[in-house]
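What follows is one structure encoded as structure tokens, with my remarks underneath.
Coordinate-derived values only; no laboratory data. The structure displayed is predicted, hence computed values, not measured ones. Glycine also receives a Cβ, built like all others from the backbone with ideal geometry; neighbour counts cover every protein chain displayed.
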Amino acid sequence: MSRITEKDVDYVAGLARLRLDEEARARLVREMDAILGYMDKLNELNTEGVEPMMHALEMTNVFRDDVVGESMPRDLALETAPQHDGAYFIVPPIMDPEES
């Protein structure tokens, strides 16, 4: 018996703002139930003495020193811009002015 119902799939789809047809809904019920089944298998493993980890491999960040350097002159930077007003780059708006 499936632990995931169509109602569960509809709820998750609503959170993701997705519209699903009947075929997609049925497929997701099967796939999500299979994922939970796999998680049950993983829960059967003995993990006593195993430290939790974020990644299977040892990871370290490599940072370079933050060194102040000479900036590109404004005129030179603006030469390559598709649109500018002489002082600033002109870019398309990303938000509707009425929404902000």
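Out of L78, L28, which single residue is within 30 Å of D10 (Cβ to Cβ) and aliphatic (A, V, I, L, M)?
Details: L78 fails: within 30 Å of D10 (Cβ to Cβ).
The match here is L28.
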* Structure fact -> Given (1) in a loop (DSSP other than H, G, I, E, B); (2) among the charged types (D, E, K, R); (3) more than 30 Å from R3 (Cα to Cα), D75 misses just (1)
* Residue among L45, L18, L78 that is exposed (fewer than 10 other Cβ atoms within 10 Å of the Cβ), among the aliphatic types (A, V, I, L, M) and either touching a Pro at 6+ places or on another chain (Cβ under 8 Å) or free of Cβ contacts under 8 Å to residues at least 60 places away in the same chain (or both) -> L45
* Identity of the residue in the range 1-16, β-branched (V, I, T) and part of a helix (DSSP H, G or I), that ends up nearest to M32 (Cα to Cα) -> V9
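Pick from R19, R64, R30: which is out of contact with any strand residue (DSSP E or B) (no Cβ under 9 Å at 6 or more places or on another chain), part of a helix (DSSP H, G or I) and farther than 30 Å from I90 by Cα? Even if it seems obvious, please write down each step before you answer.
Working: R19 fails: part of a helix (DSSP H, G or I); R64 fails: part of a helix (DSSP H, G or I).
Result: R30 is the single residue among R19, R64, R30 that is out of contact with any strand residue (DSSP E or B) (no Cβ under 9 Å at 6 or more places or on another chain), part of a helix (DSSP H, G or I) and farther than 30 Å from I90 by Cα.
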